[in-house]
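Participant: Just passing along the structure, written as structure tokens.
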Amino acid sequence: ETGVTQTPRHLVMGMTNKKSLKCEQHLGHNAMYWYKQSAKKPLELMFVYSLEERVENNSVPSRFSPECPNSSHLFLHLHTLQPEDSALYLCASSQEDQGGTYTGELFFGEGSRLTVL
Amino acid sequence: GENVEQHPSTLSVQEGDSAVIKCTYSDSASNYFPWYKQELGKRPQLIIDIRSNVGEKKDQRIAVTLNKTAKHFSLHITETQPEDSAVYFCAASGNEKLTFGTGTRLTIIP
């Protein structure tokens, strides 16, 4: 397996469910990201992990909870979501320099299509 | 924070013609400007990028130009082909994380 892989590819959940999205990168990168992609909106950065530490949390509701157990794995735990949270959730990784300027190429996964009923 | 605006939102061009997509940014400290292409049902992929120390960069049929004074940058695709049909996203970063534009859906008409 190469690149960035995400599971599941599709997820349907009720508002009271708890589920998790998983991302794994096989590129040896030191930074991982969660993006939300909704129709007619720009890609929204949700979380950034650099060297397994969370360095960015863009005012994301607490019903989204990220976890980065090591530099190759990233999770997004979902709890009591709302219908407006339905979107494509993209994981990405990159290799960043020590200055943390985040100008490395982003390698995206195929995404997890989430539908909240 | 950075704000990136992208135009047009949709663009249709005849196969073989050129396509131009434009973006403006707000943060004068931004110094890195990538372009990503997302084909239908697939992941976004980097196609070209430019840093603020150059004004233009070209890679075969794709070129990007940057005007730092006006704070805008553009993607140019020449001799368009059906496989160029996709959504294209511009982005900008500098002191903060990458900020994306809203995307341009490019359709190549055979």
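Participant: Go through region B:1-29 and give me each residue that's crowded, with 17+ Cβ neighbours inside 10 Å, at the interface with chain A (Cβ under 10 Å from one of its Cβ atoms) and of a type outside the set (Val, Ile, Thr).
Facilitator: B:Gln6
Participant: Next question, about the same structure. Going by the structure shown, is A:Thr80 away from every other protein chain (no Cβ under 11 Å) and either of a type outside the set (Phe, Trp, Tyr) or loosely packed, with under 13 Cβ neighbours inside 10 Å (or both)?
Facilitator: Details: away from every other protein chain (no Cβ under 11 Å): yes; either of a type outside the set (Phe, Trp, Tyr) or loosely packed, with under 13 Cβ neighbours inside 10 Å (or both): yes.
Yes: the conditions hold for A:Thr80.
Participant: May I pose another question? Given the options A:Tyr49, A:Tyr35, name the one that is of a type outside the set (D, E, K, R) and touching a Leu at 6+ places or on another chain (Cβ under 6 Å).
Facilitator: Values: A:Tyr49 fails: touching a Leu at 6+ places or on another chain (Cβ under 6 Å).
Criteria check complete, one pass: A:Tyr35.
Participant: Ok, one more. Only residues that are touching a Lys or Arg at 6+ places or on another chain (Cβ under 8 Å) and more than 16 Å from B:His72 (Cβ to Cβ): list them for region B:8-30, please.
Facilitator: Residues satisfying the conditions are B:Ser9, B:Thr10, B:Leu11.
Participant: Going through region B:30-55 one residue at a time, which ones are out of contact with any strand residue (DSSP E or B) (no Cβ under 6 Å at 6 or more places or on another chain) and away from chain A (no Cβ under 11 Å)?
Facilitator: Residues satisfying the conditions are B:Leu40, B:Asn53, B:Val54.
Participant: Which number in (1) within 22 Å of A:Lys41 (Cβ to Cβ); (2) modelled with pLDDT of 95 or more; (3) buried (at least 20 other Cβ atoms within 10 Å of the Cβ) marks the one condition that B:Val64 misses?
Facilitator: Looking at each condition in turn, B:Val64 falls short on (1).
Participant: Still on this structure: For A:Thr80, state whether it is in contact with a Lys or Arg (Cβ under 7 Å, 6 or more places away or on another chain) and of a type in the set (S, T, N, Q).
Facilitator: Values: in contact with a Lys or Arg (Cβ under 7 Å, 6 or more places away or on another chain): yes; of a type in the set (S, T, N, Q): yes.
Spelling it out, A:Thr80 is indeed in contact with a Lys or Arg (Cβ under 7 Å, 6 or more places away or on another chain) and of a type in the set (S, T, N, Q).
Participant: Given the conditions (1) within 14 Å of chain B (Cβ to nearest Cβ); (2) modelled with pLDDT under 90; (3) surrounded by 13 or more Cβ atoms within 10 Å (Cβ to Cβ); (4) more than 20 Å from B:Phe33 (Cβ to Cβ), and given that A:Glu52 satisfies all but one, which numbered condition is not satisfied?
Facilitator: So A:Glu52 meets the others, but not (1).
The values are calculated or read from the model by the stated rules, or taken from the named source; none is laboratory data. Since we're looking at a predicted model, the values are computed, not measured. FYI the Cβ positions are ideal-geometry reconstructions off the backbone, even for glycines, and counts take in every protein chain you see.
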